[in-house]
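One structure is given below, encoded as structure tokens.
Bear in mind that the values in this text are calculations on the coordinates, not laboratory data. Worth saying up front: this structure is predicted, and the values here are computed from it rather than measured. In this analysis, Cβ positions are derived from the backbone assuming ideal geometry, glycine residues included, and neighbour counts consider all displayed protein chains.
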Amino acid sequence: MLSLYRIIKFSLQDIARNIWLTIVTITILLLALFTINTLLTVRLISENAVAAIKEKIDISLYLKPDTVESEIIALKNKISASPKVKEVVYTSKQSAIDAFRAKYENDPTVLAALKELGRNPLSPSLTVVPNNFEESNLVINDLKMLDSSIIESRDFSDNTLILNKINSITKRINEVGLIIICIFVLTSLLVVYNAIRVAIYTHRQEIEIMRLVGASNFFIYMPYVFSALIYALASVLIVIAVFYPFLTLLQPYLETFFMGYNVNILSYFVDNFAIIFGAQFLAVLAINIIASLFAVRKYAKV
């Protein structure tokens, strides 16, 4: 217990004596952690954007206005039987016109034109939702081959180009993010290593005296390992204190942008708090300890 007390005391004294080096070291680690968490947030947002587009992938079959409902239901069941189809939604003429009126309820010109027309100009339709985006082309090919006299037109809007662009951007963000993370990790190692070298250089005579009186390697190394623990803990706690308010400000904008979708980045970070920040703490601690041990080794051989 006495040795532990002396190790902690020596470590805290060293941090206090080299306060500016301590601030620089923690700042570098903090910037690295903030960058990593920001890149993680960007990746989550891009994944949600891709998922949102995939949910919008559907294929519409517009049917002849005079088609009886029994024929429509039969066609719906036939399409639903395909293992590549997740769902087929039937929209009747009345449902289509009700949705149209609701959409343009604040546009009197459109409503007046509809009233002037005196009839329902919309057709019943079947909306086909594929099981997954990768099978959408297969579903489209099946529907092209579908021979039915009640089909008036087919809408095969292709969202592949948009999704491929988003996937390309996501891939590039991940690649650039990985490079930035590597740069920050390397920079952190160098800063921590040099900071501890300077700190140990100022204590080289003390280390020599400890050696002369028979101090063990454990007693010489441990104060700097404990300092590494303090650096890691301080940087992670500060990034948590800064990053969560940032997410709180960002979340309303995401909810507005992804209206109708359950996109909650803040909730993701809260639910995975232990995994995200626990892993970051262990990584930063490992970096600090490695840098500390390399820096101490030279002077511990006195």
> Once both labels are modelled 7 Å past Cα along the beta-carbon direction, what's the Ile181-Thr127 spacing in nm?
Replying inline: 3.8 nm
> Cα extents of segment 57-157 along the three principal axes, largest first, in whole Å?
Replying inline: 43, 27, 17
> Which value in nm describes the separation of the simple spin-label points at Leu111 and Lys9, placed 7 Å from the Cα toward the beta carbon?
Replying inline: 8.3 nm
>> Beyond 19 Å, how much of the Cα-Cα pair distribution for segment 3-134 remains, as a whole percent?
In response: 73 percent
>> Around Thr109, under 15 Å between beta carbons, what's the net of Lys plus Arg minus Asp minus Glu among the other residues?
In response: 0
